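Report on the structure given below.
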Amino acid sequence: MKGSVPFNIGSGGKKKFLITFDREGCIGAFSCSAVDEKLWEKVPEEGKVNLFGAVLNESGLYEIVLEEGQFSPDAETVCPVNVIKIKEITEEEADEWKRKYNL
Ligand code: SF4
């Protein structure tokens, strides 16, 4: 995935979320970029989007941890093929995620 993690994940206060994206299953409906164009970068020539700044995990899914306010939670519900998952995680899980990917 091109780009680097675009946002600072602070350590205090704000809720943290793990956003997971199964790019293989993306059909390029671009509903996600319609609600959050900064995070969901259109790649029309591939008929897909990129999850900006995400890392590829061991299961072949792209993922990123962000704080509330840094993304639109609507992306998950508008995707017609359910390839976007947004899950709230604890502060500790967010720190663990950063360590895992040396971020
Ligand atoms: S809404 Fe879903 S299928 Fe459409 S571009 Fe976004 S991730 Fe892909």
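The values are calculated or read from the model by the stated rules, or taken from the named source; none is laboratory data. Note that the structure is a prediction, hence the values are computed from the model and not measured. Here Cβ is always computed from backbone atoms with ideal geometry, including for glycine, and neighbour counts include all displayed protein chains.
If I filter segment 41-53 down to residues being more than 10 Å from GLY28 (Cβ to Cβ) and not charged (D, E, K, R), which single residue comes out as nearest to the ligand (Cβ to nearest atom)?
Step by step, filter segment 41-53, then rank; the result is LEU51.
Starting from residues that are under 13 Å from TRP97 (Cβ atoms) and without any contact (Cβ under 8 Å) to a residue 60 or more places away in the chain, keep the ones in segment 62-86 and report whichever is farthest from the ligand (Cβ to nearest atom).
VAL65
Got a sec? Which of GLU88, GLU92, GLU58, GLU76 is surrounded by fewer than 18 Cβ atoms within 10 Å (Cβ to Cβ) and assigned to a helix (DSSP H, G or I)?
Answer to the check: GLU92.
Kindly establish whether ILE64 is on the phi < 0 side of the Ramachandran plot, assigned to a strand (DSSP E or B), touching a Phe, Trp or Tyr at 6+ places or on another chain (Cβ under 7 Å) and surrounded by 13 or more Cβ atoms within 10 Å (Cβ to Cβ).
It is false that ILE64 is on the phi < 0 side of the Ramachandran plot, assigned to a strand (DSSP E or B), touching a Phe, Trp or Tyr at 6+ places or on another chain (Cβ under 7 Å) and surrounded by 13 or more Cβ atoms within 10 Å (Cβ to Cβ).
Taking segment 21-55, which residues are among the basic types (Lys, Arg) and in a strand (DSSP E or B)?
Once the filter is applied, which keeps residues that are among the basic types (Lys, Arg) and in a strand (DSSP E or B), segment 21-55 yields LYS42, LYS48.
How many residues are modelled with pLDDT of 95 or more and either under 15 Å from PRO73 (Cα atoms) or touching a helix residue (DSSP H, G or I) at 6+ places or on another chain (Cβ under 7 Å) (or both) if we restrict to segment 11-29?
7
Restricting to segment 10-40, count the residues that are near the ligand (Cβ under 10 Å from one of its atoms) and on the phi < 0 side of the Ramachandran plot.
14
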